[in-house]
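The values are calculated or read from the model by the stated rules, or taken from the named source; none is laboratory data. Everything numeric here is computed off the predicted structure, so don't read it as measured data. No Cβ is skipped: glycine too gets one built from the backbone with ideal geometry, and neighbour counts run over all protein chains shown. Remember, those area values only see protein heavy atoms, side chains included, never the ligands or the DNA or RNA. Shrake-Rupley method; radii C 1.70, N 1.55, O 1.52, S 1.80 Å.
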Amino acid sequence: MDAQRGHTNRRRFLLIAGLPLLAVGGGLAYVLWPDPAPGPEPDWRRVRTDLEPLNKEFAPYLGELTDAHWLGYDVDEAKYGNRSIPSPDSRIRLVGVARLAPGGAASVVGAPGRTFAAAVPSESPTPLEPYLPADPAWQRSAEFDAHANSETSDGHQSGEYLIDVARDLVYFDVLYFTT
């Protein structure tokens, strides 16, 4: 019987002494483990310059764009990080500044049925600030916004378009609701 009891005491001792040592070792490994290298900048913070997606969306009412700096991203993903379960409907934001063909801004502002007035754009995302002009003369028209924000087969868009006639620029901040 004593042999059995000694064997049980040894197990109990190993359990009592081993568990705290394991916990301390695990905690120490966690504290001393190096942080992973920072990953690349989130995709939505990278300023894009490709024109094809913008011309596809905006050319019917703005004309051909010749230069652009813009961001396109899922609003919820940017706010809450990567979502493991996709939302049934997405909210995609396109925001940026683009150059129209020479005289393009004047033709947009001069079209009948639109009243343009001085305006200030909504707050721009920080990555776009270097590309915004100094002292722009932005103008906005509620009638033009309504025309440009018409419903499409891909969903509905809502946003603002500000035009600087002297520079042939457009500042756009559009939210697409897709289902």
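Among the residues of the stretch 114-138 satisfying the criterion of being in contact with a helix residue (DSSP H, G or I) (Cβ under 6 Å, 6 or more places away or on another chain) and farther than 18 Å from G72 by Cβ, which is modelled with the highest pLDDT? Can you show your working first?
Narrowing the stretch 114-138 to residues in contact with a helix residue (DSSP H, G or I) (Cβ under 6 Å, 6 or more places away or on another chain): 114, 116, 127.
In the following step, the residues that additionally are farther than 18 Å from G72 by Cβ were identified as 114, 116.
Working: R114: 92, F116: 96.
The residue in question is F116.
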**Request:** Go through the stretch 123-151 and give me each residue that's over 13 Å from V109 (Cβ atoms) and assigned to a loop (DSSP other than H, G, I, E, B).
**Result:** E123, S124, P125, L132, P133, A134, D135, P136, N149, S150, E151
**Item:** Search result, residues across the stretch 90-113 that are open to solvent by 60 Å² or more (accessible area, probe 1.4 Å) and among the charged types (D, E, K, R)
**Value:** R91, R99
